[in-house]
1. Could you list, in sequence order, the residues of segment 42-61 that are in contact (Cβ under 8 Å) with a residue 12 or more places away in the chain and either surrounded by fewer than 17 Cβ atoms within 10 Å (Cβ to Cβ) or at positive phi (or both)?
2. Could you count how many residues in segment 28-41 are among the polar types (S, T, N, Q) and surrounded by 15 or more Cβ atoms within 10 Å (Cβ to Cβ)?
3. Any residue at all in segment 121-136 that is part of a helix (DSSP H, G or I), touching a residue at least 60 places away in the same chain (Cβ under 8 Å) and either touching a helix residue (DSSP H, G or I) at 6+ places or on another chain (Cβ under 8 Å) or within 24 Å of Asn47 (Cα to Cα) (or both)?
4. Checking Ile25 against (1) of a type in the set (A, V, I, L, M); (2) crowded, with 16+ Cβ neighbours inside 10 Å; (3) under 18 Å from the mean Cα position of the chain (by Cα); (4) under 29 Å from Leu135 (Cβ atoms): exactly one of these is not met. Which one?
5. Name, by its number, the condition in (1) within 14 Å of the chain's Cα centre (by Cα); (2) modelled with pLDDT under 95 that does not hold for Arg139.
6. Which members of segment 146-195 meet the condition of being small (Gly, Ala, Ser), closer than 18 Å to Ala89 by Cα and surrounded by fewer than 17 Cβ atoms within 10 Å (Cβ to Cβ)?
7. Take segment 91-120 and flag every residue that is assigned to a helix (DSSP H, G or I) and not aliphatic (A, V, I, L, M).
8. Would you mention how many residues in segment 157-197 are over 23 Å from Lys54 (Cα atoms), free of Cβ contacts under 8 Å to residues at least 40 places away in the same chain and either among the aromatic types (Phe, Trp, Tyr) or assigned to a loop (DSSP other than H, G, I, E, B) (or both)?
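The values are calculated or read from the model by the stated rules, or taken from the named source; none is laboratory data. The model shown is predicted, which means the values in this text are computed figures rather than measured ones. Here Cβ is always computed from backbone atoms with ideal geometry, including for glycine, and neighbour counts include all displayed protein chains.
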Amino acid sequence: MNGWALPALVLVASYLVGAIPFGVIVTRLAGATDPRSVGSGNIGATNVLRTGRKSLAALTLLLDAGKGAVAVLVSEALVPGTGPLAAVAAFFGHIFPLWLRFKGGKGVATLLGITLAVHWPTGLVALAMWLVAMLLSRRSSVGGMSAAIATPVASAFFFRADLTLMFLALALVVLWRHRDNIVRLIDGSEPRIGKGG
């Protein structure tokens, strides 16, 4: 193949993997409410939780993180050096899935998955930050945004300058996807986990 062909193939394949709408798939297979019809209308685990099915929300979380990690690990194994490219493609695949007219999730679970796969120390810091912030605030959005912010900070701490800019860009996208949540946090109307909304 030409020099650009393999990276292009990785980009497309990783995007398609990231675009798998697990939130829609698991709820449909279980006969539960389509997450796009409740809450914020996105396909992520938090919105699946609003259907009242905690087990499906947990499964969605694992699958959305898993697809990001798989895209990175498989791409890196087949074409060494393409892990970060696959990470970005899978992340944007989740947020803008072709199959759902480019209306996807907010990217937190997939970001955690790709971060663990690209650089596991940074991933562990982000995962810990997500859990702590979510448990303390009882708000999923706070946990997700905290995890996203932690990724460029942690990668810089670990002297991974080659990854810090990528993580910073992805963190900014996650914050942008949470812009409505930020407004609700400021005015005090952001719902707590398990309280609907």
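1. Within segment 42-61, Gly52, Ala58 qualify.
2. Summing the residues that are among the polar types (S, T, N, Q) and surrounded by 15 or more Cβ atoms within 10 Å (Cβ to Cβ) in segment 28-41 gives 2.
3. no
4. Of (1) of a type in the set (A, V, I, L, M); (2) crowded, with 16+ Cβ neighbours inside 10 Å; (3) under 18 Å from the mean Cα position of the chain (by Cα); (4) under 29 Å from Leu135 (Cβ atoms), only one is false for Ile25: (2).
5. Looking at each condition in turn, Arg139 falls short on (1).
6. Ala169
7. Within segment 91-120, Phe91, Phe92, Gly93, His94, Trp99, Thr110, Gly113, Thr115, Trp120 qualify.
8. Residues flagged as over 23 Å from Lys54 (Cα atoms), free of Cβ contacts under 8 Å to residues at least 40 places away in the same chain and either among the aromatic types (Phe, Trp, Tyr) or assigned to a loop (DSSP other than H, G, I, E, B) (or both) within segment 157-197 amount to 5.
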